[in-house]
1. Identify all residues within region 14-35 that are under 11 Å from the mean Cα position of the chain (by Cα) and within 19 Å of HIS70 (Cβ to Cβ); write none if there are none.
2. Which pairs turn up if I take residues in region 43-56 that are aliphatic (A, V, I, L, M) and look for partners that are surrounded by 10 or more Cβ atoms within 10 Å (Cβ to Cβ) and modelled with pLDDT of 70 or more with beta carbon separation below 7 Å, at least 6 apart in sequence or on another chain?
3. Restricted to region 1-60, and to residues that are at pLDDT 85 or above and of a type in the set (Gly, Ala, Ser), which residue is surrounded by the most Cβ atoms within 10 Å (Cβ to Cβ)?
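The values are calculated or read from the model by the stated rules, or taken from the named source; none is laboratory data. Predicted model only: the values in this text are computed from it and were never measured. Reconstructed Cβ throughout: ideal geometry from the backbone, glycine too, with neighbour counts over all protein chains shown.
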Amino acid sequence: MRSIICVGTSKDDISALPDPVKASFGYPLRQVQQRKTPLDTRALRQKSTSGIAIPRPDVELIEMRLRRAHSLDAED
């Protein structure tokens with residue numbers, strides 16, 4: 001099973017969420033640890049089709065953390 005490494009403030013960010021939201025992270029994270037793809041995941045789109053876009057600073061933070069996670073994974 002893979003270990004989960006939190007990048008940046010991601011652990012604190014998740015901890016600050018309401019309990020029901022935090023609980024929704026648990027099972028999908030376990031699936032990722034087991035090298036499975038959670039069924040309810042989808043690719044992050046950079047362009048909104050519904051008129052409500054992800055704020056650019058959030059997208060940049062996600063992309064930075066994803067790059068860091070890929071580099072950490074490559075080290076293993």
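1. At the first step, the residues of region 14-35 found to be under 11 Å from the mean Cα position of the chain (by Cα) are 14, 25, 28-29, 32.
Selection gives PRO28, LEU29, VAL32.
2. LEU44/ILE62
3. Filtering region 1-60 for residues that are at pLDDT 85 or above and of a type in the set (Gly, Ala, Ser), the one surrounded by the most Cβ atoms within 10 Å (Cβ to Cβ) comes out as SER10.
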